[in-house]
Structure formats: structure tokens, C-alpha cells
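> Got a structure for you, written out below as C-alpha cells; questions coming shortly.
The numbers here are math on the coordinates, done by the rules we state, and not lab data. What you are looking at is a predicted structure, and each value in this text was computed from that prediction instead of being measured. FYI the Cβ positions are ideal-geometry reconstructions off the backbone, even for glycines, and counts take in every protein chain you see.
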Amino acid sequence: MIEQTLLDILACPQCKGPVQLSDDQAGLICRSCSLLYPVKDDIPIMLIDEAISLDPDTSDQ
């Protein structure tokens, strides 16, 4: 599990906005960009190329 102190300093690499832990703790969500950054082995993967689009209309990510 990711500690709150880490969540407080992490930002979306695309818009520099805040991220929050998803309900299932499988990733970090940027609401502004509608992106989910996956968490693997308790390490957030904060790479734009690895982000998963939360927008169902976008199929290229």
C-alpha cells in the first residue's frame, strides 16, 4: 500500500495536478487527465506512456 506522505508529493506527469489512489489500490488516478497510472509491487509507475486512459472514447492509450 502506498503511504499518504508519498501520495501528497506525487503529481501527474502530464498536467502536474494531484493524483489519488484508486479504490482497488491498483493505480493512481489523475481526474484532470482521466488517466490511471498503474502501481506494480507497491511502486507507482508515473510514466505517461504507461498510463491507462479512463476515457472510454479514447482507444489509442
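> Could you check how many residues of the range 11-61 are part of a strand (DSSP E or B), polar (S, T, N, Q) and either in contact with a helix residue (DSSP H, G or I) (Cβ under 8 Å, 6 or more places away or on another chain) or closer than 12 Å to residue 1 by Cα (or both)? Step through it out loud before you land on a result.
So in the range 11-61, the residues part of a strand (DSSP E or B) come out as 11, 18, 20-21, 27-30, 35-40, 43-44, 52-53.
From what's left, polar (S, T, N, Q): 20, 53.
So of that shortlist, the ones also either in contact with a helix residue (DSSP H, G or I) (Cβ under 8 Å, 6 or more places away or on another chain) or closer than 12 Å to residue 1 by Cα (or both) come out as 20.
Residues meeting the conditions: 1.
> Working only within the range 20-35, note down all residues that are closer than 14 Å to residue 53 by Cα and buried (at least 16 other Cβ atoms within 10 Å of the Cβ).
Correct list: 27, 28, 29, 30, 33, 34, 35.
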